[in-house]
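To keep things clear, I will list the structure first and then write my remarks on it.
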Amino acid sequence: METPKTLQQTIQFFSHYDNCRKFMVAVRWLDEKVRCPRCQSEKITYLEKARLYRCYGDHPKQKFSLKVGTVFEDSPIPLEKWLPAVWLIVNAKNGISSYELSRALGVTQKSAWFMLHRIRTAMSDQKGFSIQPKLGGPDSEVEVDETFVGGKKRNMHKGRAIRYEQKGGAQGKTVVQGFLDRDLRKVRAKIVPNVKRETLQAEVLKEVKFGTRVYTDDAVAYDKLHSRFVHEIVNKTESYVRGRVHVNGMENFWSLLKRAIKGTYVSVEPFHLFRYLDEQTFRYNNRKDMNDSDRFDLAVRQIVGKRLTWAEVTGKVAETQTPAIN
């Protein structure tokens, strides 16, 4: 079915539950035939007053909602609020805070915070939810760079700033490594434990095809890449660009990420940083040749087969992957 084109249309369209139901059915089942998520049977009945489906198969939990098997599962928040929330986060260039979403939807800040993390899980294309091919190729160019995410020294107490410099200048910050395929215009970003040679080069070998033209800065950690790649460096103390050799594409991505963290989210725990990376990566990779409606449609189609519980998002238990439901 046709997807709303603007935020106003989205709010108006999804304010009616019947529209939400038809939209979710069209998203989850391409033939628009609802199937039981437990036995895949098509022999079901829609219970209109309860807003549930009932399967006639002989198994426990015969009743199910359209949220089962998605990141929305076990949420008391209705689809009338979930779907506009997805629209807001996938189309807000600098993100949307839980306080802002709370006021916009009429839910508590705690609920809005949990909603945002669930939606970020749907936006993720990592951690086993899909198998991604390596970037680059013999005729391709890939930028590789890393950044530190954490507090600024000028905002620290004088004593802490001194200790910070004595430990190397980046002690306590989280290291994020990024890869930009110039041909695909796609970015991948991941948290790494440190900036040692064996750590950073292992990630390059894992993410980039052999023979690719790889551009980095002059960090010592990248000095052995020439054995597998066409490796060229740019010395930022002399120049940021040397012909086609530069990492300005990755620097642009880092600026967008840090703008969102500093201006919108303000305080991000390292434990949750990978979720914010997934959010920013999704928007960056789907900005070309796509409008707001296309991004929303893509994000909603990724909600199936993923799950995030409160115990998982608060670190009480490890995250698990829910099998996809066709």
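The values are calculated or read from the model by the stated rules, or taken from the named source; none is laboratory data. As the structure is a computational prediction, the values presented were derived from the model and not from experiment. In this analysis, Cβ positions are derived from the backbone assuming ideal geometry, glycine residues included, and neighbour counts consider all displayed protein chains. The area values use the complete protein model at the heavy-atom level, side chains included, leaving out ligands, DNA and RNA. Shrake-Rupley method; radii C 1.70, N 1.55, O 1.52, S 1.80 Å.
Taking the highest mean first, how do the peptides 285-294, 249-258 order by number of other beta carbon atoms within 10 angstrom per residue?
Per-residue Cβ counts within 10 Å, averaged per peptide and sorted highest first, yield 249-258, 285-294.
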For the stretch 60-141, the percent of all C-alpha pairs falling in each 5 Å bin, from 0 up to the bin holding the max distance, is 3, 12, 21, 18, 14, 12, 8, 6, 4, 2, 1
From the cross-link list K93/K186; K67/K190; K5/K93, the entries with a Cα-Cα span beyond 20 Å are K67/K190
With +1 on the Cβ of every Lys and Arg and -1 on the Cβ of every Asp and Glu, the dipole magnitude of the stretch 241-311 about its Cα centre, in debye rounded to the nearest 20, is 200
Over the chain, with neighbouring protein chains present, the accessible area per residue in Å² at probe 1.4 Å is 52
Summing +1 per Lys or Arg and -1 per Asp or Glu among the other residues with Cβ less than 13 Å from L273's Cβ gives +2
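Under 1.5 on a/c is rounded, so check that first for the stretch 173-301, then, if it is not, pick prolate when a/b is larger than b/c and oblate when it is not; a ≥ b ≥ c are the square roots of the alpha carbon gyration tensor eigenvalues.
prolate
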Given 298-307, 274-283, 115-124, the highest-first ranking by average Cβ count within 10 Å works out to 115-124, 274-283, 298-307
Nearest 10, in degrees from 0 to 90: the angle of helix 273-285 to the longest Cα principal axis of the chain is 90
Rounded to two decimals, the Debye log10 I(q)/I(0) of the stretch 1-133 (Cα scatterers, no solvent) at q = 0.14, 0.21, 0.22 Å⁻¹ is -0.73, -1.35, -1.41
Percent antiparallel among DSSP beta bridges confined to the chain, nearest 5, equals 70
Projected onto the charge dipole of the chain (unit charges on the beta-carbon of Lys, Arg, Asp and Glu, signs +1, +1, -1, -1), the Cα from T6, V208, L101 with the largest positive-side position is that of L101
In debye to the nearest 20, the charge dipole size for the chain, taken about the Cα centre with +1 at each Lys and Arg Cβ and -1 at each Asp and Glu Cβ, equals 880
With D294 itself left out, Lys, Arg at +1 and Asp, Glu at -1 over residues whose Cβ is under 15 Å from its Cβ give +2
Dipole check, the chain, charges on Cβ (K,R +1; D,E -1), about Cα centroid: among L135, V90, G151 the Cα furthest to the positive pole belongs to G151
Rounded to two decimals, the Rg over Rh value of the chain from Cα coordinates and the Kirkwood Rh reads 1.02
Note to self, the chain gives a 222 nm [θ] from helices alone (DSSP H runs n ≥ 4, -39500 (n - 2.57) apiece, / all residues, nearest 500) of -10500 deg cm²/dmol
For G106, the net charge from surrounding residues (Cβ-Cβ under 15 Å; K, R +1; D, E -1) works out to +1
